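Down below is the structure, laid out as structure tokens.
The values are calculated or read from the model by the stated rules, or taken from the named source; none is laboratory data. Everything numeric here is computed off the predicted structure, so don't read it as measured data. In this analysis, Cβ positions are derived from the backbone assuming ideal geometry, glycine residues included, and neighbour counts consider all displayed protein chains. The accessibility values were calculated without ligands, DNA or RNA, using every heavy atom of the protein model including side chains. Shrake-Rupley method; radii C 1.70, N 1.55, O 1.52, S 1.80 Å.
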Amino acid sequence: MRNLGTNIYLSISLLSLAFLLMVFSCKKEKENLPFKPGIRELVEMISTDKSRYSPGDEVIISIKLKQQFNGQLVVRYKHLTSNVKEEIINVDDRNIELKWTPPNIDYKGYMVELVFINQEQIICYASTAVDVSSDWTKFPRYGFLSHFSSGISQAEIENNLDFLKQYHINGLQFYDWHNKHHKPLKMLGNIPASSWMDIAKRVNSFSVVESYIQSAKKLNMASMSYNLLYGAWDDFASDGVSETWMSFNDKNHISVNKHELDDNWAMSDILVLNPANTDWQDYIFNNNNEIYQHLDFDGWHIDQLGDRGILYDYNGNTIVMKNTYSSFLEHLRSNTPNRKMVLNAVNQYGQLEILKSEVDFAYTEVWSPNNSYNNLAQIIMTNNSLSNLKLNTVLAAYINYDLADNTLEFNEAAVLMADAVIMAFGGN
């Protein structure tokens, strides 16, 4: 859901990964060895070579130390409290590489526990994690990208993805990558344009979008194409969209329902179509398939604008927007059965109808009045119930929104508390 007050889009999934993030500590382990304090930050970075692994894949773990270490490294590969494998390695270096092939079992997570020992004393402890899952949507750890200008180099693309990999992000929403909502990929004849102006008056680059997708795949990160399910710009007619497909504020199809955007960043107001109109479905699905012919997105991250109130179709029939979602999603699934799809339930609007369809995980963008920790827990429990415990939930939430003096800074305690609540109830 587009918000006019900020261009910052914060996904909770980037913050709620404590059980998967690398953890550095120098506390005493339950070893029959004394603990030697002093080297508080021996480990600078632990990095797995991919965000997710398929059963049978080899895992490569790179460890970078802040200083030379001479001693033993105890490595334990654990599932819950059980040791799957343990080994002791003699180390005399600042850089260490480990290779491990997990058990050939799908949908299992492992902790890689590291204990550094020198002269029979524990020096430091660190850990990271490994996810073995053939389908990333089983345990979605969702992040996003939102800048696609031609000035972004391949090195910057790889650095950005490497950063996300440290958080084990396995799915990426490409926010506002597209051209027009009703014509998401700009074409010049039979080939894609090299660039286009997006809704925020930014010039996006085809090659940058393409490179992000290809580079992400090498890290086992899925790429999801962002777009509304019912948006059109005011030049819709020139692109073959009919006004008869629109949603209206009146029974006489005089006033098209629209989401108004201010002049600071909008190329056009967003006109709202009727998602249940099959002609519109065919039109946008054909345009979506055109994307897949040129960009190897893994699926469609579908957005909406929440409850639009009482609307009417061109013939004066009442539209209850949430009741149109199932028809749209069912048609989309049959049109692209091998692509992923998820629909944002803005503040839970239409979530029942969404989760009755074959979406791949639950997604809720949280707004007031659902702005308490209890609300976050309740949303996850509701989604679990609506999906019969089949789908996991990703929450897009905005920590201390409009409260921070600087919108790039956040209240760390609030973030950690939100993490704890969301994770405790099984969300991301």
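Tabulated data
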| read-out | value |
| --- | --- |
| Selection within region 326-344 - touching a residue at least 24 places away in the same chain (Cβ under 8 Å) and more than 15 Å from Asp298 (Cα to Cα) | Ser326, Ser327, Phe328, Leu329, Glu330, His331, Asn344 |
| Test for Tyr107: is it under 23 Å from the mean Cα position of the chain (by Cα) and on the phi > 0 side of the Ramachandran plot | yes |
| Filter pass, Ile105 being in contact (Cβ under 8 Å) with a residue 12 or more places away in the chain and either in contact with a Gly (Cβ under 8 Å, 6 or more places away or on another chain) or under 30 Å from Gln281 (Cα atoms) (or both) | no |
| Subset of region 175-219 (residues that are open to solvent by 10 Å² or more (accessible area, probe 1.4 Å), within 23 Å of Arg333 (Cα to Cα) and under 18 Å from the mean Cα position of the chain (by Cα)) | Tyr175, Lys217 |
| Lone unmet requirement of (1) at pLDDT 95 or above; (2) outside any helix (DSSP H, G or I); (3) farther than 30 Å from Asn289 by Cα for Ser368 | (1) |
| Residue match in region 195-202 (condition: touching a helix residue (DSSP H, G or I) at 6+ places or on another chain (Cβ under 9 Å), farther than 24 Å from Asn315 by Cβ, of a type in the set (S, T, N, Q) and touching a residue at least 40 places away in the same chain (Cβ under 8 Å)) | yes |
| Close pairs (9 angstrom Cβ cut-off, 6 or more residues apart or separate chains): over 14 Å from His182 (Cβ atoms) and open to solvent by less than 50 Å² (accessible area, probe 1.4 Å) in region 280-295, part of a helix (DSSP H, G or I) and at pLDDT 95 or above anywhere | Asn289/Asn335; Leu295/Phe206; Leu295/Val209; Leu295/Glu210; Leu295/Ile213 |
| Any hit, region 96-106, residues being open to solvent by 40 Å² or more (accessible area, probe 1.4 Å) and under 22 Å from Val342 (Cβ atoms) | yes |
| Breaking point among (1) modelled with pLDDT of 95 or more; (2) within 34 Å of the chain's Cα centre (by Cα), for Tyr125 | (1) |
| Criterion: closer than 30 Å to Glu158 by Cα, of a type in the set (D, E, K, R), part of a strand (DSSP E or B) and open to solvent by 40 Å² or more (accessible area, probe 1.4 Å) - qualifying residue of Lys66, Lys85 | Lys66 |
| Any chance Gln378 is open to solvent by 30 Å² or more (accessible area, probe 1.4 Å), assigned to a helix (DSSP H, G or I) and either free of Cβ contacts under 8 Å to residues at least 12 places away in the same chain or not hydroxyl-bearing (Ser, Thr, Tyr) (or both) | yes |
| Verdict on Lys201 being of a type in the set (D, E, K, R) and at negative phi | no |
| Those residues of region 311-361 which are aliphatic (A, V, I, L, M), outside any loop (DSSP other than H, G, I, E, B) and within 28 Å of Asn428 (Cα to Cα), in sequence order | Met321, Leu329, Leu332, Met341, Val342, Leu343, Ala345, Val346, Leu352, Ile354, Leu355 |
| Qualifying residues in region 296-324 (those that are of a type in the set (D, E, K, R) and open to solvent by 40 Å² or more (accessible area, probe 1.4 Å)) - the one farthest from the chain's Cα centre (by Cα) | Arg308 |
| Restricting region 130-166 to residues that are among the hydroxyl-bearing types (Ser, Thr, Tyr) and over 20 Å from Ser54 (Cβ atoms), the residue that is least open to solvent (accessible area, probe 1.4 Å) | Ser146 |
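Yes or no, residue by residue, for (1) among the charged types (D, E, K, R); (2) within 27 Å of Ile291 (Cβ to Cβ):
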residue	(1), (2)
Phe116	no, no
Arg141	yes, yes
Phe144	no, yes
Phe148	no, yes
Glu158	yes, yes
Phe163	no, yes
Gly171	no, yes
